[in-house]
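Following: one structure in structure tokens, then a few remarks.
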Amino acid sequence: MEKMKDYLERFIEEHNFDENYIRNHQSVFNRVIRSLKMCENCKGLDECTQLSKGEHLSLSYKGVLIEEIEYCDYAKKVNETEDLRKKYVYCDIPYSLMNIDMNNISFTEAQKYLYAKYLGILHGKSNIGLYVYGDMGTGKTYLSIALANSLIKNGKKVAFVKVSDFFNTMKSYFSADNTVSLINKTINDLKRCEYLFLDDIGAESVSEFVRDDVLLRILEYRMEHNLCTVFTSNLKKEELQKHYQYDRKEKSNLMKSRRLMERIDILTEDFVLSGEDLRRK
């Protein structure tokens, strides 16, 4: 916010307070001054010294002088991020990337064709999903998050799933009293949302539960109802099929792996994103 001195001078001038009025309400002004001083040279919420992080006192006048609690710019940004996250059906997006969308990201020459494909999805020109694969650090996740956030801002029902983290969460449900209910609700949410992003698929450990009880159920429904699904992976589809052929006990089941891949093939077109590892730049 504006500097404390400028803020007080503007407020006093705006309401035409005379010296007598200021003197009679000095305690109110003093409390607000102390609060605003604590915000000077602020470097973020982690270093906030206010009693309630991100909140400071401010003044308003409605016939009487009123102290109000106001969120600082840092807190407002956090609140906006939380509001956006709550709109997701499921959200594994890092907080640091909740502010990006298709309107404010920059993209490399190698990424421009994927960006164009994603614009088509955003504007409803295509309901066919994408299987985006390529080396690590080429921007697959970054661009997918930008699309997901834009879809959310357009009022769509979206789930963004980091596949390996998701299955760790699902496994944690087994210790809950309502295990079946929790698992079924989560699966149903991902089955039915308008747009599903499965990020970094193929990085998770494979089990029959992962492949058959969860992924196959979700993708079967989405295939039957023509719902847009976007995958990102470091693996080509042939490599992903081999990944799902073997569970953790090295038990092979090629038929079930093929069934899963058939759903992915029907749901998506392939897109290889090449380029240098942008994380190392």
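The values are calculated or read from the model by the stated rules, or taken from the named source; none is laboratory data. What you see is a predicted model, and the numbers here were worked out from it, not measured in a lab. Don't worry about glycine lacking a Cβ; one is built from the backbone with ideal geometry, like all the others, and counts go over all protein chains shown. SASA here: full protein model, heavy atoms, side chains in, ligands and nucleic acids out. Shrake-Rupley method; radii C 1.70, N 1.55, O 1.52, S 1.80 Å.
Table for the structure above
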| item | result |
| --- | --- |
| Residues of the range 125-154 classified as farther than 14 Å from residue 271 by Cα and open to solvent by 60 Å² or more (accessible area, probe 1.4 Å), total | 6 |
| Matching residues in the range 114-141 - criterion: being among the aromatic types (Phe, Trp, Tyr) and free of Cβ contacts under 8 Å to residues at least 60 places away in the same chain | 115, 118 |
| Given (1) more than 25 Å from residue 43 (Cβ to Cβ); (2) under 19 Å from the mean Cα position of the chain (by Cα), number of the condition residue 74 does not satisfy | (1) |
| Those helices (runs of 4 or more DSSP H) lying entirely in the range 1-77 with at least 3 residues of a type in the set (S, T, N, Q) | 26-37 |
| Residues of the range 115-143 classified as at pLDDT below 95 and hydroxyl-bearing (Ser, Thr, Tyr), total | 2 |
| Sole residue being touching a Ser or Thr at 6+ places or on another chain (Cβ under 6 Å), buried (at least 18 other Cβ atoms within 10 Å of the Cβ) and under 21 Å from residue 269 (Cα atoms), chosen from 219, 196, 227, 215 | 196 |
| Scope the range 88-100; condition touching a residue at least 60 places away in the same chain (Cβ under 8 Å) and either assigned to a strand (DSSP E or B) or surrounded by fewer than 16 Cβ atoms within 10 Å (Cβ to Cβ) (or both); matching residues | 90, 91 |
| Residue that is farthest from the chain's Cα centre (by Cα), among those in the range 109-132 that are charged (D, E, K, R) and in a helix (DSSP H, G or I) | 112 |
| Qualifying residue in the range 176-183 (condition: part of a loop (DSSP other than H, G, I, E, B), within 20 Å of residue 93 (Cβ to Cβ) and open to solvent by 30 Å² or more (accessible area, probe 1.4 Å)) | no |
| Positions within the range 18-46 being touching a His at 6+ places or on another chain (Cβ under 8 Å) and among the hydrophobic types (A, V, I, L, M, F, W, C), in sequence order | 36, 38, 39 |
